[in-house]
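Please treat every number below as a calculation from the coordinates, not as lab data. Since the model is a prediction, treat every value here as computed from it, not as a measurement. Virtual Cβ from ideal backbone geometry, glycine too; neighbours counted across all protein chains shown.
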Amino acid sequence: MAHVIIRGNNGRRHEVDFDEADITVKLHASSDHVELVIESLHDLAPSNKKRFALANIPWHLFSKAMADLARQDPSLKPKPE
C-alpha cells in the first residue's frame, strides 16, 4: 500500500493514500534536482483530481541517501518481487 505524508510550513499534515490502486513511479533528474512523481493510474476522477505525490529533492541529498542505503547491511534491504 503506497502512501505519502508530508508536513507543510504551517505545521499541517498532508497525506496521499493510494490504497491498493495501481500507481506509476517516475524519476526525472536535472543537474541539481531529482524529481519523484507517484501517480494513481485508474482514478475515476478528472485528471486534475487524480491522487499524486511530487517530490523535488536536491541531487546531493538524494545521492547521499542512496549511498547510505548501499552501505547498509544487505540483509536489511528489500528483496525484489
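In the chain, the sites counted are trypsin sites (Lys or Arg not before Pro) in DSSP loop states with at most 15 other Cβ atoms within 10 Å, and the longest stretch holding none of them, exclusive of the sites, is 13-49. Counting lysine pairs in the chain that sit 8 or more residues apart in sequence, or on different chains, and whose Cα atoms lie under 30 Å apart gives 8. Considered as an equivalent ellipsoid built on the Cα gyration tensor, segment 3-75 has semi-axes of 26, 16, 14 Å, the largest given first. Amide H to amide H distances under 5 Å link Ala2 with Phe18, Asp19, where only residues 5 or more positions off or on other chains count and H is placed in the peptide plane.
Compared with the dominant principal axis of the Cα atoms in the chain, helix 59-71 is inclined by about 60°.
Ordered by the number of other Cβ atoms lying within 10 Å of each residue's own Cβ, fewest first, Leu27, Leu54 fall into the sequence Leu27, Leu54.
Model label sites at Ala67 and Ala55, defined 7 Å from Cα along the beta-carbon direction, differ in position by 1.9 nm.
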